[in-house]
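**Q** Attaching a single structure in C-alpha coordinates format; questions to follow.
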Amino acid sequence: MNQIKRINLKKAVITFVFIFFSVKVLSVSAAAADFKTDSVVKVFATRNTIDYINPWQSKGVQEITGSGCIIQGNRILTNAHVVNQNTFIQVRRESSQKKYIAKVETIGNDCDLATLQVEDPEFFKGVSPLEIGELPYLQDTVAVIGFPMGGDKLSISQGVVSRMESMTYINSNQRLLAVQIDAAINPGNSGGPAINNGKIVGL
Amino acid sequence: MQGIPDSQNIGYIIPTPVINHFLNDLKGGQYMGFPYLGIGLSNTENKALRKYYDIANDAGGVIVNNVMPFSSAEGF
(Lines give C-alpha, C1' and ligand atoms only; values in the text may rest on other atoms or scores of the structure.)
Protein backbone atom coordinates (compact mmCIF):
# COMPACT_ATOMS: atom_id res chain seq x y z
CA MET A 1 0.00 0.00 0.00
CA ASN A 2 2.74 2.35 1.00
CA GLN A 3 4.67 1.46 -2.12
CA ILE A 4 1.73 2.23 -4.40
CA LYS A 5 1.35 5.61 -2.74
CA ARG A 6 5.02 6.29 -3.30
CA ILE A 7 4.78 5.35 -6.98
CA ASN A 8 1.77 7.61 -7.37
CA LEU A 9 3.67 10.40 -5.69
CA LYS A 10 6.58 9.83 -8.04
CA LYS A 11 4.24 9.96 -11.01
CA ALA A 12 2.68 13.15 -9.72
CA VAL A 13 6.08 14.75 -9.25
CA ILE A 14 7.18 13.77 -12.75
CA THR A 15 3.94 15.07 -14.24
CA PHE A 16 4.28 18.30 -12.29
CA VAL A 17 7.86 18.79 -13.39
CA PHE A 18 6.88 18.05 -16.98
CA ILE A 19 3.99 20.52 -16.91
CA PHE A 20 6.15 23.11 -15.20
CA PHE A 21 8.85 22.91 -17.85
CA SER A 22 6.49 22.75 -20.80
CA VAL A 23 4.67 25.85 -19.53
CA LYS A 24 8.00 27.58 -19.06
CA VAL A 25 9.16 26.74 -22.58
CA LEU A 26 5.84 27.94 -23.99
CA SER A 27 5.97 31.24 -22.14
CA VAL A 28 9.47 31.97 -23.40
CA SER A 29 8.62 31.30 -27.03
CA ALA A 30 5.32 33.13 -26.77
CA ALA A 31 7.08 36.21 -25.45
CA ALA A 32 9.42 36.18 -28.47
CA ALA A 33 11.98 37.19 -25.89
CA ASP A 34 14.28 34.21 -26.24
CA PHE A 35 17.31 36.21 -27.24
CA LYS A 36 20.17 38.19 -25.82
CA THR A 37 19.76 41.93 -25.73
CA ASP A 38 23.46 42.69 -25.36
CA SER A 39 23.82 43.39 -29.08
CA VAL A 40 21.45 46.35 -28.97
CA VAL A 41 23.26 49.68 -28.73
CA LYS A 42 22.28 53.27 -28.13
CA VAL A 43 23.46 55.66 -30.80
CA PHE A 44 24.33 59.28 -29.96
CA ALA A 45 24.66 61.39 -33.08
CA THR A 46 25.50 65.04 -33.53
CA ARG A 47 24.42 66.46 -36.84
CA ASN A 48 24.53 69.70 -38.68
CA THR A 49 21.74 69.68 -41.24
CA ILE A 50 22.04 71.59 -44.49
CA ASP A 51 19.44 74.29 -44.97
CA TYR A 52 18.42 73.93 -48.61
CA ILE A 53 16.36 77.11 -48.57
CA ASN A 54 19.25 79.16 -47.16
CA PRO A 55 22.21 77.21 -48.56
CA TRP A 56 24.82 79.65 -47.20
CA GLN A 57 24.02 78.49 -43.68
CA SER A 58 23.19 75.29 -41.83
CA LYS A 59 20.21 74.60 -39.60
CA GLY A 60 22.42 74.45 -36.53
CA VAL A 61 23.92 71.65 -34.50
CA GLN A 62 21.48 69.07 -33.17
CA GLU A 63 22.06 66.14 -30.88
CA ILE A 64 19.86 63.11 -31.38
CA THR A 65 19.75 59.58 -30.06
CA GLY A 66 18.69 56.39 -31.73
CA SER A 67 19.22 52.66 -31.46
CA GLY A 68 21.22 50.13 -33.38
CA CYS A 69 22.18 46.49 -33.27
CA ILE A 70 25.43 44.63 -33.66
CA ILE A 71 25.42 42.14 -36.52
CA GLN A 72 28.00 39.72 -37.89
CA GLY A 73 31.38 41.18 -38.78
CA ASN A 74 31.57 43.76 -35.97
CA ARG A 75 29.12 46.06 -37.68
CA ILE A 76 26.34 48.13 -36.21
CA LEU A 77 23.15 48.26 -38.23
CA THR A 78 20.98 51.32 -37.74
CA ASN A 79 18.62 53.66 -39.60
CA ALA A 80 20.05 56.15 -42.06
CA HIS A 81 17.95 58.98 -40.62
CA VAL A 82 19.66 58.50 -37.25
CA VAL A 83 23.14 59.15 -38.62
CA ASN A 84 22.75 61.16 -41.82
CA GLN A 85 24.55 64.50 -42.10
CA ASN A 86 26.35 63.65 -38.89
CA THR A 87 29.43 65.35 -37.55
CA PHE A 88 30.08 63.00 -34.65
CA ILE A 89 28.71 59.62 -33.55
CA GLN A 90 29.08 57.70 -30.32
CA VAL A 91 27.63 54.33 -29.40
CA ARG A 92 27.00 52.70 -26.04
CA ARG A 93 26.31 49.06 -25.23
CA GLU A 94 23.36 48.21 -23.00
CA SER A 95 25.57 46.79 -20.27
CA SER A 96 28.11 49.59 -20.27
CA GLN A 97 28.29 53.26 -19.43
CA LYS A 98 31.18 53.95 -21.76
CA LYS A 99 30.54 55.57 -25.11
CA TYR A 100 32.74 54.65 -28.07
CA ILE A 101 33.33 56.76 -31.15
CA ALA A 102 31.76 55.28 -34.26
CA LYS A 103 32.00 56.10 -37.94
CA VAL A 104 29.51 55.57 -40.73
CA GLU A 105 30.67 52.77 -42.98
CA THR A 106 27.85 52.90 -45.50
CA ILE A 107 24.64 54.83 -45.67
CA GLY A 108 21.69 53.88 -47.83
CA ASN A 109 19.29 56.79 -47.68
CA ASP A 110 16.87 55.11 -50.10
CA CYS A 111 16.19 52.16 -47.79
CA ASP A 112 16.86 54.17 -44.60
CA LEU A 113 19.67 51.85 -43.50
CA ALA A 114 23.23 52.50 -42.41
CA THR A 115 26.14 50.54 -41.00
CA LEU A 116 28.57 51.93 -38.44
CA GLN A 117 32.01 50.79 -37.46
CA VAL A 118 33.79 51.19 -34.14
CA GLU A 119 37.57 51.27 -34.24
CA ASP A 120 38.09 50.17 -30.64
CA PRO A 121 37.76 46.33 -30.59
CA GLU A 122 37.00 46.55 -26.86
CA PHE A 123 33.51 47.71 -27.75
CA PHE A 124 32.56 44.35 -29.28
CA LYS A 125 33.99 42.27 -26.44
CA GLY A 126 31.76 39.33 -25.49
CA VAL A 127 28.89 40.34 -27.74
CA SER A 128 26.58 37.83 -29.40
CA PRO A 129 25.73 39.43 -32.76
CA LEU A 130 22.15 39.16 -33.95
CA GLU A 131 21.30 37.04 -36.95
CA ILE A 132 19.06 38.23 -39.71
CA GLY A 133 15.96 36.10 -40.10
CA GLU A 134 13.19 35.64 -42.62
CA LEU A 135 10.16 37.68 -43.52
CA PRO A 136 7.54 37.18 -40.78
CA TYR A 137 3.91 36.18 -41.30
CA LEU A 138 0.92 38.27 -40.33
CA GLN A 139 0.15 38.00 -36.59
CA ASP A 140 3.68 36.79 -35.80
CA THR A 141 4.87 38.13 -32.46
CA VAL A 142 7.68 40.64 -32.68
CA ALA A 143 9.62 42.32 -29.89
CA VAL A 144 10.94 45.79 -30.57
CA ILE A 145 14.11 46.60 -28.66
CA GLY A 146 15.75 49.96 -28.40
CA PHE A 147 16.31 53.12 -26.47
CA PRO A 148 13.20 55.25 -27.08
CA MET A 149 12.32 58.52 -25.40
CA GLY A 150 11.08 58.46 -21.83
CA GLY A 151 14.17 57.03 -20.19
CA ASP A 152 17.76 56.05 -20.65
CA LYS A 153 17.72 52.28 -20.27
CA LEU A 154 16.85 49.57 -22.75
CA SER A 155 13.19 49.18 -23.58
CA ILE A 156 11.38 46.20 -25.07
CA SER A 157 7.87 46.47 -26.42
CA GLN A 158 5.96 43.72 -28.10
CA GLY A 159 3.35 43.40 -30.77
CA VAL A 160 2.31 41.46 -33.82
CA VAL A 161 2.79 41.93 -37.53
CA SER A 162 -0.40 43.64 -38.66
CA ARG A 163 0.30 44.41 -42.32
CA MET A 164 2.89 43.94 -45.02
CA GLU A 165 3.02 45.97 -48.19
CA SER A 166 5.21 48.11 -50.33
CA MET A 167 4.99 51.73 -49.24
CA THR A 168 6.75 55.05 -49.56
CA TYR A 169 9.65 55.47 -47.15
CA ILE A 170 9.58 58.97 -45.63
CA ASN A 171 13.37 59.20 -45.72
CA SER A 172 13.70 58.72 -49.47
CA ASN A 173 10.24 58.98 -51.02
CA GLN A 174 10.93 55.62 -52.64
CA ARG A 175 8.49 52.71 -52.56
CA LEU A 176 9.91 49.65 -50.84
CA LEU A 177 8.53 46.76 -48.83
CA ALA A 178 7.57 47.66 -45.25
CA VAL A 179 6.08 45.74 -42.35
CA GLN A 180 3.50 47.35 -40.11
CA ILE A 181 3.40 46.25 -36.48
CA ASP A 182 1.30 47.25 -33.48
CA ALA A 183 4.17 47.37 -30.98
CA ALA A 184 4.85 50.81 -29.54
CA ILE A 185 7.55 52.55 -31.57
CA ASN A 186 8.67 55.93 -30.36
CA PRO A 187 11.37 58.45 -31.31
CA GLY A 188 14.66 56.85 -30.33
CA ASN A 189 13.52 53.36 -31.30
CA SER A 190 14.84 54.08 -34.80
CA GLY A 191 17.56 51.62 -35.72
CA GLY A 192 16.61 49.15 -33.01
CA PRO A 193 15.83 45.61 -34.10
CA ALA A 194 12.44 43.91 -34.20
CA ILE A 195 12.94 40.32 -33.18
CA ASN A 196 11.04 37.11 -33.72
CA ASN A 197 12.42 33.71 -32.67
CA GLY A 198 15.74 35.26 -31.70
CA LYS A 199 16.42 36.69 -35.14
CA ILE A 200 16.04 40.13 -36.66
CA VAL A 201 12.86 40.44 -38.72
CA GLY A 202 13.00 44.19 -39.14
CA LEU A 203 14.54 47.47 -38.15
CA MET B 1 11.21 53.78 -39.06
CA GLN B 2 8.43 56.26 -39.51
CA GLY B 3 5.03 57.24 -38.11
CA ILE B 4 1.74 58.76 -39.10
CA PRO B 5 0.44 61.69 -37.00
CA ASP B 6 -2.73 60.89 -34.98
CA SER B 7 -2.34 57.18 -35.63
CA GLN B 8 -2.21 54.65 -32.84
CA ASN B 9 -0.52 51.28 -32.63
CA ILE B 10 1.03 51.73 -36.04
CA GLY B 11 4.75 51.31 -36.33
CA TYR B 12 6.80 50.48 -39.36
CA ILE B 13 9.85 48.32 -39.60
CA ILE B 14 12.17 47.67 -42.53
CA PRO B 15 11.83 43.96 -43.35
CA THR B 16 14.75 41.59 -43.83
CA PRO B 17 14.62 41.35 -47.67
CA VAL B 18 15.42 45.07 -47.76
CA ILE B 19 18.11 44.72 -45.06
CA ASN B 20 19.67 41.76 -46.87
CA HIS B 21 19.69 43.65 -50.16
CA PHE B 22 21.49 46.51 -48.42
CA LEU B 23 24.04 44.23 -46.73
CA ASN B 24 24.69 42.20 -49.90
CA ASP B 25 25.22 45.44 -51.78
CA LEU B 26 27.93 46.38 -49.27
CA LYS B 27 29.95 43.31 -50.18
CA GLY B 28 30.74 44.94 -53.51
CA GLY B 29 32.51 47.71 -51.60
CA GLN B 30 30.19 50.48 -52.67
CA TYR B 31 26.50 50.93 -51.98
CA MET B 32 24.63 51.23 -55.25
CA GLY B 33 21.10 51.55 -53.88
CA PHE B 34 17.79 50.10 -55.02
CA PRO B 35 16.96 50.20 -58.70
CA TYR B 36 13.90 51.96 -60.01
CA LEU B 37 12.22 52.00 -63.39
CA GLY B 38 11.85 55.73 -63.77
CA ILE B 39 8.32 55.72 -65.09
CA GLY B 40 5.18 57.61 -64.17
CA LEU B 41 2.03 55.54 -63.74
CA SER B 42 -1.65 56.07 -63.30
CA ASN B 43 -4.20 53.46 -62.36
CA THR B 44 -7.10 52.45 -64.55
CA GLU B 45 -9.99 52.99 -62.16
CA ASN B 46 -11.61 55.90 -63.91
CA LYS B 47 -14.51 54.82 -66.13
CA ALA B 48 -14.02 57.49 -68.78
CA LEU B 49 -10.31 56.67 -68.97
CA ARG B 50 -11.04 52.99 -69.35
CA LYS B 51 -13.45 53.75 -72.18
CA TYR B 52 -10.92 56.07 -73.87
CA TYR B 53 -8.22 53.42 -73.89
CA ASP B 54 -10.77 50.70 -74.70
CA ILE B 55 -9.91 48.53 -71.68
CA ALA B 56 -12.06 45.43 -71.27
CA ASN B 57 -14.22 45.22 -68.12
CA ASP B 58 -12.27 42.35 -66.58
CA ALA B 59 -8.84 43.74 -67.48
CA GLY B 60 -6.57 45.34 -64.92
CA GLY B 61 -3.22 47.05 -65.35
CA VAL B 62 -1.83 50.55 -65.22
CA ILE B 63 -1.08 53.24 -67.79
CA VAL B 64 2.51 54.40 -68.26
CA ASN B 65 2.25 58.16 -68.60
CA ASN B 66 5.88 59.08 -68.98
CA VAL B 67 9.33 57.59 -69.04
CA MET B 68 12.12 59.62 -67.49
CA PRO B 69 15.07 60.31 -69.80
CA PHE B 70 18.16 58.17 -69.13
CA SER B 71 16.22 55.95 -66.69
CA SER B 72 16.29 52.13 -66.73
CA ALA B 73 12.98 52.02 -68.58
CA GLU B 74 14.08 54.31 -71.43
CA GLY B 75 14.06 52.63 -74.82
CA PHE B 76 11.54 49.93 -73.95
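**Q** Somewhere in the range A:34-43, is a residue open to solvent by 50 Å² or more (accessible area, probe 1.4 Å) and either in contact with a Cys (Cβ under 8 Å, 6 or more places away or on another chain) or in a loop (DSSP other than H, G, I, E, B) (or both)?
**A** Yes, that holds for at least one residue.
**Q** Which ones in the range A:123-156 are more than 14 Å from chain B (Cβ to nearest Cβ) and open to solvent by less than 40 Å² (accessible area, probe 1.4 Å)?
**A** Hits for the range A:123-156 are A:PHE123, A:PHE124, A:VAL127, A:SER128, A:PHE147.
**Q** Let me ask you something else. In the range A:167-203, what count of residues is obtained for those that are over 19 Å from A:LEU135 (Cα atoms), more than 9 Å from chain B (Cβ to nearest Cβ) and among the hydrophobic types (A, V, I, L, M, F, W, C)?
**A** Looking only at that region, the number is 0.
**Q** Quick test of your reading of the structure: A:ALA102 fulfils all but one of (1) open to solvent by 60 Å² or more (accessible area, probe 1.4 Å); (2) at pLDDT 95 or above. Name the failing condition by number.
**A** (1)
**Q** Take the residues in the range B:2-37 that are at the interface with chain A (Cβ under 7 Å from one of its Cβ atoms) and either in a strand (DSSP E or B) or at positive phi (or both); name whichever of them is nearest to the chain's Cα centre (by Cα).
**A** Here the answer is B:GLY33.
**Q** Quick check on my filter: what residues within the range A:105-122 are closer than 28 Å to A:VAL179 by Cβ and away from chain B (no Cβ under 11 Å)?
**A** Hits for the range A:105-122 are A:LEU116, A:GLN117.
**Q** So, A:SER96, is that one more than 8 Å from every other protein chain (Cβ to nearest Cβ), farther than 30 Å from B:LEU41 by Cα, modelled with pLDDT under 90 and not in a helix (DSSP H, G or I) or not?
**A** yes
The values are calculated or read from the model by the stated rules, or taken from the named source; none is laboratory data. On a predicted model such as this, the values are computed, not experimentally measured, just so you know. Please note: Cβ atoms are built from the backbone with ideal geometry, for glycine as well, and neighbour counts cover all protein chains shown. Side chains included, ligands, DNA and RNA excluded: accessible areas come from the protein's heavy atoms. Shrake-Rupley method; radii C 1.70, N 1.55, O 1.52, S 1.80 Å.
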